[in-house]
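Report on the structure given below.
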Amino acid sequence: MPGIGRRFFLKVVSATGVAAACSPSHAPEKLIPLLNPPENLVPGKPLFYRTVCRGCGAGCGVTARSREGRVVKLEGNPDDPISAGALCARGQAELQGLYAPDRLRGPLARQGDELKPLPWAAALAQLGGLLGKLRGSDGRIAGLRLLSRCEPGSAGAVQRSFASALGAAKNARVVFEPRDLASLRAANMKLFGRAELPVLALSRARSVVSFGADFLETWLSPVEQARGLMAGRGEPDRTRLTWISPRLSMSGANADTWLCTAPGEELQVALELLRWLLDPVNQVAALPPEAAAIRAALPPPRPLRGVSPEQVAHLGRELSLRRPSALLGPPASASGAEGRALAAAVQLCNLVLGNFGKSMQLGLGSELDAPSPEEDLYALLEEARRGEVTVLLLHRADPLGKLPASARVEEALRKVPLIVSLGERLDATARLAHFVLPDHHALESFGDLEPRKGMLALQQPVLSPLWDTRASSQVLLDLAAALKLPGIADKDFRELSKARWQAGAKALGAKLDTPQAQRDVQAQGVVVGHVEALQPALKLDGLAPLLFTKPSPAEGLHLVAFATALANADPEAPGWLREVPDVLTGVSWSSWAELSQATAQRLGVKTGDLLALSTDQGKAELAALISPALHDDAVAVPQDAPELRALGTPGRAVRLERTGKTFPLALTGRASQEGRDLARVIAEGGAPKREQGHEQGRTLVAPHEHPQHRWAMSIDLDKCTGCQACVVACYAENNLPVVGPQAAREGRLMAWLRIQRSVEKGASLEASRVALLPSLCQHCDAAPCEPVCPVYATYHTPEGLNAQVYNRCIGTRYCANNCPYDARVFNWEDPVFVEPLQMQLNPDVSVRSKGVMEKCTFCVQRIRFAEGTARDEGRPVRDGEVTPACVQTCPAQALVFGDAKDPKSRVALAQAESRGYRLLEEVNTLPAIAYQARRGGKG
Amino acid sequence: MLHEPGVLAVFADPLQAARAVRAAHEAGHADVRAAMPAPFPEVMEAMAQKKSIIGAVTLGGASVGICLGLWLTIGTSLALPISVGGKPVVALPAFLVIIFEVTVLIGGLSNFLGMLIGAFAARRKSFMPHDPRFLRDRIGVFLPGAGESARVLLRAAGAEEVRDVA
Amino acid sequence: MSAAIAERMRSLDQTTEDALRPPRYGWAALVAVSLTCIAIGVYSWSLIIRFGMQYTGLNRPVGWGVLITDFVFWVGIAHSGTLISAVLFLFRARFRTAVYRAAEAMTVFGVMTAGLFPIIHLGRPWYAHWILPYPNQRHLQINFRSPLVWDAFAISTYFCVSAMFLLAGLMPDAAALRDGSQGLRRRFYALFALGWRGTAEEWRHHGRAYLFFAAFATPLVISVHSVVSWDFAVSIVPGWHSTLFPPYFVAGAILSGVAMVITLLIPIRRAMKLESIITLDHFDMLSRLVILTSLILTYSYSTEFLLALRAGPGPERDTLLYRATGAFWPFFWLMVLGNCVGPLFLFFKRVRGSLVGLFFVCVLVNVGMWLERFNIVVSSLEHNRVPFDWGTYHPRLVEIGITLGSFGWFFFWFLLFLKLLPAISVSELKEDAHHAALHEAAHAA
């Protein structure tokens, strides 16, 4: 036969032989877990679904990449004005929430002391029966309460109608959002009569001032805000950021100026700033008419401890000149009258500077289902303690796990005869429930929500439910039907939601007449109308009491809570968020308590000592960590730390004692460059200093030929916020295993991409800066790792990639030793993906085995995908079409990827930028990655 | 095993053995054979052997090694031109190490085999009566096909014992 | 006088044959110990194979540790043998005859031990053969630009050549033993004698071949440890990347090798009653070698540091200073004590002359040389170019177990050798004996 050579023949023979010989150990599994696969589901071809991220209140639109019926990656929805294609670390980790091994896999009902599995029908029948018995003559249940997280959409509507139909009390439904910016809401209510959160357009602000608001980590809408702030960075006249807080957090690390206040002194600083702005002496231009009134309402000045009046004046002058600006605050941890006062002062500054309607927009925040004021929640708990609550429905609300111990939640819950928990996992509250009816994960359910006015985000399942779960809203509808509740006609939540969002979409001017049009909107994932921000009218009455002040806190240690972009301290967080080290401290897998160097010396504490913290609320044990950028009076604890619940709300005085024990903190990386100038900073307007004495690119032999492409990256250090969304994206895209605390301690994290930190100590604490450096394989032209490999496991591809062939690798680790960037990662053990986390694995990337070297591939699978599509469409690859996972997800758009051979490509232009430099130029490895030096503020 | 008649003398002193060998040569015995526990220079001189050809063999082996090394390094690199670290595909400075090692290896092997074959051939072509003492403390001198005159000559040289090998 | 020579020769044979009967219980005990060590080593390695390198103390950035240290150490040990037998042979240094056989055996077994480590330290040792050039279905050849491939070639060549060198020297002695024994032993010795009869014809070839071996082995010795040093010098790791390394490593290797020879010979001489053959003069000459190489090494250390300091601020200097003051500073100064200070005492005849002192100094040198390799390998990797990744490395039990195993493996073969084959070259000694006799005769006259 022509065409069949010996080799081929032998291959065929052996293949058939093997196939015939080995019988599979278990029944062959279908690649596609569907009975009759839809025609658009082609094995090997990814499908993209648009939906909404429910990780936090921001409501970013996401694109879910699905392969063979399993969603493998979450990315931002480019059509969504909030995420604009980017997604934060927490958002991407929602995927691990979906595949979390500890998710509930079916309904449970209490039998005696323990929860036993029960079929849905039985569970609902029992529950219906119980509710029926409890109904009074009017068909209502006096003691019924529904505690839910914020649901600005159909789900909320269903809950409200259910609660009002079955419950008697007027606030039968309480919305519980432990991370809600309640103070800001309250202040806006008092000042402008609008209980809403602002929408920020930081891209318009020339100066940003944050009073401890972690607006790049979790505060309000971090992805959008990072994009906004960094849109103004990189250029010589860049957006300036002033950070006012006892602790230099990640957001603060991006600041040009840090005013290190004493703990709890932010309020005074804000008031002094407001006072300075309003003081006629300073002749601030374009003051609003209310200026005088506000000035009159200001409390008498008080001496500042942490911050000098000059600093305040300096800031005031800057703000009066650089307009519009944006003042942000307070953080979620600020609470009570003081928090409200701070929020009010901040908003008044914004008003005085005329930021409203420009960078600070009111009237856009969704008013649907706003979280209830704290009072309602505590009232509910009090009623429960009095035994007046007979039925408590909990929807994704875990008061026991989230509220401080002082709230005495457990005592309250134990008094409730019937608790029904509608959630995803068995959290602290659900453990006390009588019925646990598991909800779908957000990625498994239909829905719609209004993240902000004039916007409608559509939620749709991206894969068939993994377990025997049911949408909570559906459960409520079923119960309503069983109990024949008046006024609830709908039977099917999906239909209800569809009708609702279609009405909403029409209101926003979307065309939905044809089914195709409806599908298009669903495929779009978001409907955007146009709503004008309004100029808020200040209500002068009650201004003075609002702006109350108390003397600066006395000397002595105070508790400070700070937010982190990841959730290393949260034991319930998914592996990615726990393992990827906190960008400023390098801690993973545990919570910690930060002390300033001076304080640590005074108390004789070393990093890793186990400290006993005690407040008037309670005590907790935390590992000490000496922070280079913290006020001496502050003891800072991550706000995710469960220990914080025992210690009570931040701001209170705290006592420290050494327990004599130590805690094995998992710490990664040293926060110093040893003056090697890897992450470079240049003075404003200045050019980066070049290394002397070596000619870049001079080599003995002719440089590489790159016939077609030369893939390259550029990283703008002026834009990188350090949020580590890129790192988590890399974990998700490239099947990086989560190795756990022990391996983390041993320095065996598998990250291909790390954000390296280094603290440059200044003359004063406030002058110290944190330099961040995203570090990954530099894909050098003259890669030192390549020639030392005896078996060609790593080599240089014609497209300029430094390729690693896992199957060839025998594990000499010579390449890793010889890599000047320490970019290579060795598999010290076989990776473990606990069921069902392995479902998240990206089929385009092989899972590496023990003894093999691996490293960043510039997401070669995505390059090939783009090249393939281009070939199919018979066109060259477009610039920006190829994006590695890290580049794709960067909220600040600090990373640019493309073909350096094309002189017009964005990456080529970026690399030609005057701030550009390569890492370790002295070793002349000719990296494919160019960094742009960070522009140093005037400090 | 080939066998030849002749006269075998046993010496205790290498000098005497050497004297005997020389005398035998003078007496016209072209083919004098000896065995000894160590290569005593006097005796070896007296034997006046021609140089061993092992040198040539080894040289041949070494040059084969060089060629093999060149072929292995350059050949395989050209057959599979993989670009690593911006280095040329044929990187001679690096290859020199390999070439040297292969040369020494093949050279050494041929040297050893040459010696074994040489010794083996010698044992095959010229018969020398074996006596364990020749590996310990005595020196044997053997005159193939010699007669009475030789016996006298050997005794005169100071042989401890002289016997005919039939 | 003729009787005198024969007498000497007979006594030589006698001593060697006695030497083949070492104190039975002591010998058996030592073999048992080394076998236990081997068992420990094998078990430790099996752990790595089954569960991955997580059982070692290695991490990011320290990719090489004790295992590579052991590799370099054993290659070093393997160096004196060929030096003594080949180089000194070319220099016609008479004192070598008494000691070179033991040294050569040490070389062969040293290489046999060293050769294990490149395999053991692999992440996937079951693919170790991929480092060898052979036609394969993977359509892939090896990368001759990689120092690790140079290693594979250098080590295997060195093993073959020194093994053949040893066998060539053994033939006549093995033949003598063959004729003196019966049964299994006879067969065994016949194997090594390769049909040797001691005829002038055989000696003719043997002499030439031996000369060529010496000629080959000498550059080989230099090349092998240069190649090993290139494993480091070819890289761009600060503290490794230095043109000084080849000569520096060769000197170090010879120092450690000679020191090991002395460390082994002193007990052997006592146990096997070889005092008449291995005399104090031999040790005197060897200890002079120790002094010489130790001085070269001291010079290399200082050069390395001066160059680094001269290079000004930067990775080079940081790493070198870290080596002397960092986490492993005691190792560094112990190394200086062992390799630079200790040997200086050998300048004094009293130390050189007393076997106890000599033994002590040489053991110290062996420790120092192991630590030198450890310092070079580990401290350089701990402080690479990116300070963010600076880390530390602490050896784990598994690595220590494997090291123990390697010592067991080495001594097992060496003990076997002592029991079965002549530890000294009898035939060459006989030649010397003859010369000595001539001299005495001349003096008498």
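The values are calculated or read from the model by the stated rules, or taken from the named source; none is laboratory data. Since the model is a prediction, treat every value here as computed from it, not as a measurement. Here the Cβ is made from the backbone with ideal geometry for all residues, glycine too, and neighbour counts use every protein chain on show. Only protein heavy atoms, including side chains, enter the accessible area calculation; ligands, DNA and RNA are left aside. Shrake-Rupley method; radii C 1.70, N 1.55, O 1.52, S 1.80 Å.
Of all residues in the range A:823-838, those satisfying the criterion of being within 26 Å of the chain's Cα centre (by Cα) and surrounded by fewer than 17 Cβ atoms within 10 Å (Cβ to Cβ) are A:V832, A:V834, A:E835, A:P836, A:Q838. Could you name every one of the strands (runs of 3 or more DSSP E) located completely within the range A:761-804 that has at least 1 residues being in contact with a Gly (Cβ under 6 Å, 6 or more places away or on another chain), open to solvent by 10 Å² or more (accessible area, probe 1.4 Å) and away from chain B (no Cβ under 12 Å)? Counting at least 1 such residues, we get A:769-775. Residues that are closer than 20 Å to A:S849 by Cβ and out of contact with any Phe, Trp or Tyr (no Cβ under 6 Å at 6 or more places or on another chain) were ranked within the range A:743-754; the one that is surrounded by the fewest Cβ atoms within 10 Å (Cβ to Cβ) is A:E746. All conditions but one from (1) surrounded by 15 or more Cβ atoms within 10 Å (Cβ to Cβ); (2) among the small types (G, A, S); (3) at the interface with chain C (Cβ under 8 Å from one of its Cβ atoms) apply to B:S110; the one that does not is (3).
For residues that are surrounded by 20 or more Cβ atoms within 10 Å (Cβ to Cβ) and facing chain A (nearest Cβ under 8 Å), scanning just the range C:119-129, find the one that is nearest to C:V72 (Cα to Cα). Filtering first and then ranking leaves C:H121.
Considering the range C:147-173, and only residues there that are closer than 18 Å to B:K87 by Cβ and either facing chain B (nearest Cβ under 8 Å) or touching a Leu at 6+ places or on another chain (Cβ under 6 Å) (or both), the residue that is most open to solvent (accessible area, probe 1.4 Å) turns out to be C:W150.
Looking across the range B:41-56 at every residue that is facing chain C (nearest Cβ under 8 Å) and in contact (Cβ under 8 Å) with a residue 40 or more places away in the chain, the one that is farthest from the chain's Cα centre (by Cα) is identified as B:V43.
When C:T243 is tested against the conditions (1) surrounded by fewer than 23 Cβ atoms within 10 Å (Cβ to Cβ); (2) closer than 23 Å to C:G368 by Cβ, the lone failure is (2). Taking (1) assigned to a loop (DSSP other than H, G, I, E, B); (2) at the interface with another protein chain (Cβ under 7 Å from one of its Cβ atoms); (3) more than 15 Å from the chain's Cα centre (by Cα); (4) not polar (S, T, N, Q) in turn, B:P81 satisfies each apart from (2).
Out of the range B:121-137, which residues are under 24 Å from B:H29 (Cα atoms) and at the interface with chain C (Cβ under 7 Å from one of its Cβ atoms)? If the condition is that a residue be under 24 Å from B:H29 (Cα atoms) and at the interface with chain C (Cβ under 7 Å from one of its Cβ atoms), then B:A122, B:R123, B:S126, B:M128, B:H130, B:F134 are the ones that fit. Looking across the range C:181-205, the residues that are surrounded by fewer than 24 Cβ atoms within 10 Å (Cβ to Cβ), in a helix (DSSP H, G or I) and at the interface with another protein chain (Cβ under 7 Å from one of its Cβ atoms) come down to C:E201, C:R204, C:H205. Within the range C:56-80, being more than 9 Å from chain A (Cβ to nearest Cβ) and farther than 18 Å from C:L116 by Cβ holds for one residue alone: C:S80.
Scanning the range C:16-32 for residues being away from chain B (no Cβ under 13 Å) and either touching a residue at least 60 places away in the same chain (Cβ under 8 Å) or closer than 18 Å to C:T97 by Cα (or both) gives a total of 9. The set of residues in the range A:70-83 being more than 17 Å from A:L837 (Cα to Cα), touching a helix residue (DSSP H, G or I) at 6+ places or on another chain (Cβ under 6 Å) and open to solvent by 30 Å² or more (accessible area, probe 1.4 Å) consists of A:D79 alone. Counting the residues of the range C:307-363 that are among the basic types (K, R) and surrounded by 14 or more Cβ atoms within 10 Å (Cβ to Cβ) gives 3. When B:L59, B:L105 are checked against the criterion of being within 7 Å of chain C (Cβ to nearest Cβ), open to solvent by 20 Å² or more (accessible area, probe 1.4 Å) and either modelled with pLDDT of 95 or more or on the phi < 0 side of the Ramachandran plot (or both), B:L105 stands alone in meeting it.
The set of residues in the range A:850-876 being without any contact (Cβ under 8 Å) to a residue 24 or more places away in the chain and within 14 Å of another protein chain (Cβ to nearest Cβ) consists of A:K850 alone.
Only helices (runs of 4 or more DSSP H) whose full extent lies in the range A:533-638 are considered here, and the ones with at least 3 residues that are under 30 Å from A:Q838 (Cβ atoms) and touching a residue at least 12 places away in the same chain (Cβ under 8 Å) are A:575-579.
For the range A:805-815, a residue qualifies if it is facing another protein chain (nearest Cβ under 8 Å), closer than 25 Å to A:I863 by Cα and either touching a Pro at 6+ places or on another chain (Cβ under 7 Å) or surrounded by fewer than 23 Cβ atoms within 10 Å (Cβ to Cβ) (or both), and exactly one does: A:R808. Any chance the range A:151-173 includes a residue that's in contact (Cβ under 8 Å) with a residue 12 or more places away in the chain, hydrophobic (A, V, I, L, M, F, W, C), in contact with a Leu (Cβ under 7 Å, 6 or more places away or on another chain) and under 19 Å from A:A442 (Cβ atoms)? Scanning the range A:151-173 turns up at least one residue that is in contact (Cβ under 8 Å) with a residue 12 or more places away in the chain, hydrophobic (A, V, I, L, M, F, W, C), in contact with a Leu (Cβ under 7 Å, 6 or more places away or on another chain) and under 19 Å from A:A442 (Cβ atoms). Being open to solvent by 10 Å² or more (accessible area, probe 1.4 Å), modelled with pLDDT of 80 or more and either touching a helix residue (DSSP H, G or I) at 6+ places or on another chain (Cβ under 9 Å) or not aliphatic (A, V, I, L, M) (or both): is that true of C:W64 here? Against the criterion (open to solvent by 10 Å² or more (accessible area, probe 1.4 Å), modelled with pLDDT of 80 or more and either touching a helix residue (DSSP H, G or I) at 6+ places or on another chain (Cβ under 9 Å) or not aliphatic (A, V, I, L, M) (or both)), C:W64 does not qualify.
Residues in the range C:363-416 that are under 13 Å from C:F332 (Cβ atoms), out of contact with any Gly (no Cβ under 7 Å at 6 or more places or on another chain) and of a type in the set (D, E, K, R): C:R373 only.
Could you check the range C:44-58 and list, in sequence order, the residues that are in contact (Cβ under 8 Å) with a residue 40 or more places away in the chain and open to solvent by 20 Å² or more (accessible area, probe 1.4 Å)? Answer for the range C:44-58, where residues must be in contact (Cβ under 8 Å) with a residue 40 or more places away in the chain and open to solvent by 20 Å² or more (accessible area, probe 1.4 Å): C:W45, C:L47, C:I49, C:Y55. When the range B:16-40 is filtered for residues that are open to solvent by less than 30 Å² (accessible area, probe 1.4 Å) and within 21 Å of the chain's Cα centre (by Cα), the ones remaining, listed by number, are B:A17, B:A18, B:V21, B:V32, B:R33, B:A34, B:A35, B:M36, B:P37, B:A38, B:F40.
For B:L72, are the conditions met, namely being surrounded by fewer than 23 Cβ atoms within 10 Å (Cβ to Cβ), more than 30 Å from B:V165 (Cα to Cα) and either in contact (Cβ under 8 Å) with a residue 60 or more places away in the chain or at the interface with chain C (Cβ under 9 Å from one of its Cβ atoms) (or both)? So B:L72 passes the test. Selection of the range A:741-754 for residues being of a type in the set (A, V, I, L, M, F, W, C) and either over 30 Å from C:Y55 (Cβ atoms) or in a helix (DSSP H, G or I) (or both) yields A:A743, A:A744.
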